[in-house]
Amino acid sequence: MKILVLGGAGYIGSHICKALSQQSHHSVVVDNLSTGHREAVRWSRFIEADILDRDSLIRILQDEGPFDLIMHFCAKSLVGESMQNPALYYRNNVVGTLNLLDAMVATGHDKLVFSSTAAVFGMPEKELIDEQHSRLPINPYGQSKKMIEDVLGDYHDAYGVKSVALRYFNACGADPDGEIGERHEPETHLIPNILKSAIAGKTAELKVFGDKYPTPDGTCIRDYIHVNDLASAHILAGEYLQTHAGASAFNLGNGNGFSVLQVIEAAGNVIGRDIAYTVEAPRAGDPPILVSDARQAGEILGWQPVYTDIESIIATAWHWHQNETF
Ligand code: UDP
């Protein structure tokens, strides 16, 4: 397949580009490098452009296309930031994706894999969140992604745009070869923060946001899924779209929840020493528990995560953080 990857210089997009090249697919990356890294684009042609510039998108789709598939990862994705600056999230995530969809319709492109999130669900109503769970986001980040999921349904019915929205639970881990990995400025995610605190050797640098949640140890529980397992799901979704219409959505996770303290303990086992932390106030917008029921992605897309063990996931991230190349 020939695939346009918007946001391919970012953490998840760059791992997908590597996986695409390993399966002999051809990819072109568009990224504005606001949070992505030019050094992470190693398996694709690179074009610097912004999804807020619809005319550029139309030009790229015309000049570089036609594409068999578009994958879209350009998004602001931090819950806390979205609470403080919702305008940034609605403009970038909602308006940006509308620009892309309109550019696709204008240039005759009709297949999209969209990067969505477990944050569309809000407070869990049952232990495992499946696709039928109600979507009631509790932060503007989740709301912006839910809005686009709804738009995708309408663009399918009115303009024939076929799409798969993939709702990631907690993306983590790194390329096991150590060529690319997770790097955000500033870093807000749990696993990189744990590992960076261990590398810096600074005790107590790591902060645990809240220990009074209604969970067994009081810290938030999440479902950690390896970035390469997300990559395989995207490729399967792209193949699915070659033969299926509709605007579908699938949850992607391992189906196992780990508390913040359990992740810190698992990281300590990987590194071989205890990791110090302090407990701070809870972070606004964090639900206590988010764990997936991802069976539908298995049944319909044929997806199976390979990295099912939290320590093996953390080990790939540890390998990257010790030798970061960008
Ligand atoms: N967290 C934490 N310390 C950190 C980063 C995150 O305690 O330095 C917590 C955060 O409050 C949440 C969980 O770890 O309960 C996962 O957060 P992350 O930012 O990795 O992912 P999110 O769930 O927001 O997508």
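Brief remarks follow.
- Taking a ≥ b ≥ c as the square roots of the eigenvalues of the Cα gyration tensor, the stretch 191-255 is oblate, since a/c reaches 1.5 or more and a/b is not larger than b/c.
- Where labels lie 7 Å past Cα in the beta-carbon direction, separation of residue 278 and residue 199 in nm: 2.3
- Hull shadow area, averaged, the chain [alpha-carbon convex hull, nm²]: 14.9
- Restriction of the trypsin sites (Lys or Arg not before Pro) in the stretch 119-227 to DSSP coil positions whose beta-carbon has at most 12 other beta-carbons within 10 angstrom yields 126, 202, 212.
- ³J(HN,Hα), Karplus 6.51/-1.76/1.60, whole Hz, each residue of the stretch 73-88, x for Gly, Pro: 10, 6, 7, 7, 9, 10, 4, x, 4, 5, 6, 7, 9, x, 4, 4
- Cα gyration tensor category, rounded, prolate or oblate, for the stretch 1-116 with a/c compared to 1.5: oblate
- Bridge type composition, the chain - antiparallel percent by DSSP, nearest 5: 5
- Ranking of 258, 169 by neighbouring Cβ atoms within 10 Å, starting from the fewest: 258, 169.
- Charge dipole of the stretch 8-122 about the Cα centre (unit charges at C-beta), most positive-ward option of 122, 87, 108: 122
- With neighbours defined as other Cβ atoms within 10 Å of a residue's Cβ, the residues 307, 168 order from fewest to most as 307, 168.
- Here the spin labels are modelled as points 7 Å beyond Cα on the Cα-Cβ line, and at residue 42 and residue 22 they lie 1.2 nm apart.
- Under a 5 Å amide H cut-off, with hydrogens placed 1.01 Å from N, residue 163 pairs with 112, 246, 247, 248 among residues at least 5 apart or on other chains.
- Extension gain from residue 177 to residue 33, taking 0.36 nm per residue of separation minus the Cα-Cα distance: 49.5 nm
- Stretchable slack from residue 159 to residue 244, in nm (0.36 nm times residue separation minus alpha-carbon distance): 29.1 nm
- Lys/Arg +1, Asp/Glu -1 at C-beta; the stretch 210-326 dipole; positive extreme among 267, 243, 290: 243
- Between residue 10 and 37, the built amide H atoms are under 5 Å apart, and every one of these is 5 or more places off in sequence or on another chain.
- Rel. contact order, % - alpha carbon contacts under 8 angstrom, at least six apart, the stretch 184-326: 36
- Note on the stretch 208-326: with charges restricted to the Cβ of Lys and Arg (+1) and Asp and Glu (-1), its dipole about the Cα centre is near 160 debye.
- Long-range HN-HN contacts of residue 71 with modeled amide H, under 5 Å: 4, 5, 6, 113
- Averaging the sequence gap over all C-alpha pairs within less than 8 Å and six or more residues apart, then dividing by the number of residues, gives the chain a relative contact order of 20 percent.
- Annotated for the chain: lysine pairs at least 8 residues apart or interchain, Cα distance under 21 Å, count 14.
Read-outs: derived from the displayed coordinates by stated rules, not from any lab. Every value quoted in this text rests on a predicted model; they were computed, and no experiment measured them. Because the Cβ atoms are built from the backbone with ideal geometry, glycine has one as well, and the counts that use them run over all protein chains shown.
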